[in-house]
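The values are calculated or read from the model by the stated rules, or taken from the named source; none is laboratory data. Just so it is clear, the structure is predicted and the values come from calculations on it, not from any experiment. Every residue, glycine among them, receives a Cβ derived from its backbone with ideal geometry; neighbour counts consider all protein chains shown. Please note that ligands, DNA and RNA were not included when accessible areas were found on the heavy atoms of the full protein model with its side chains. Shrake-Rupley method; radii C 1.70, N 1.55, O 1.52, S 1.80 Å.
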Amino acid sequence: MEKKMTLEYEHYDSILDMTNEDRELVEAAQGACKGAIATYSHFRVGAAARLESGKIVTGSNIESEVYPAGLCAERTLLYHHQATSPEDRIVALAIASEPSHRECYPCGQCRQVLHDVEKRQGADFKVIMSGAGSASVVKRASDLLPFTFEL
């Protein structure tokens, strides 16, 4: 039996067309790029999440001399959040990169962890993928990985 999946998302040719709240989150992710340790790839990634309380938390990618011991910006943020304030649920997460030739999308591992966080907190959150002045937005992180790993 053949089945079909579709992905609904919003696209903004300019982040200036986004709501102030979403644009603020993208700008926080762009700012987080400055904290990246990207000695080898020179590809700095920043992530920013808005929590239910309104607080914004950030993370950036970290590379290590003992490859592959580095960590993506999204997972740096998500693991820190889980360790420090998991009761304050994530409502939106933005990703940005430097250089920014195109929108920055999460890797497969990050997509699984984003799904895990939604499942753990019992609530979906939107993901804003930005770059080159534009952005694409999905309503749920789990939309980015329709076939997730489950134990």
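What to note about this one:
- Distance between the modelled labels on His11 and Ser85, one decimal in nanometres: 3.5 nm (7 Å Cα→Cβ projection).
- Positive contributions from Lys and Arg (+1) and negative ones from Asp and Glu (-1), summed over other residues with Cβ under 11 Å from the Cβ of Gln109, come out at 0.
- Electrostatic tally near Met129: other residues with Cβ closer than 12 Å to its Cβ, Lys and Arg +1, Asp and Glu -1, net -2.
- Residue of Ala135, Ala48, Ala69 that the Gaussian network model of the chain assigns the largest fluctuation, springs spanning Cα pairs under 10 Å: Ala69
- For the stretch 69-104, the set of GluC sites (Glu not before Pro) satisfying both a DSSP loop assignment and a count of at most 11 other C-beta atoms within 10 Å is given as Glu87.
- Solvent exposure of the stretch 1-77 as accessible area per residue, Å², 1.4 Å probe: 66
- Pairs of alpha carbons in the chain whose separation is greater than 26 Å (percent): 21
- Accessible carbon and sulfur surface of the stretch 39-151 relative to its total accessible area, %, 1.4 Å: 56
- Exposed loop sites here are trypsin sites (Lys or Arg not before Pro) assigned a DSSP state other than H, G, I, E or B and surrounded by at most 12 other beta carbons within 10 Å; excluding them, the longest clear run of the chain is 5-54.
- Chymotrypsin sites (Phe, Trp or Tyr not before Pro) within the stretch 1-49, DSSP loop, no more than 11 other Cβ atoms inside 10 Å: Tyr40
- For the chain, calculated [θ]222 nm from helices alone, where every DSSP H run of n ≥ 4 adds -39500 (n - 2.57): -8000 deg cm²/dmol
- Local electrostatic count at Ser97 - Lys and Arg +1, Asp and Glu -1, tallied over other residues with Cβ under 10 Å: 0
- Residue-by-residue Karplus 3J(HN,Hα) for the stretch 129-142, coefficients 6.51, -1.76, 1.60, Hz, glycine and proline x: 9, 10, x, 6, x, 10, 7, 10, 10, 9, 6, 9, 4, 5
- Cleavage-rule hits, chymotrypsin sites (Phe, Trp or Tyr not before Pro), the stretch 55-151, DSSP coil, Cβ neighbours within 10 Å at most 12: Phe147, Phe149
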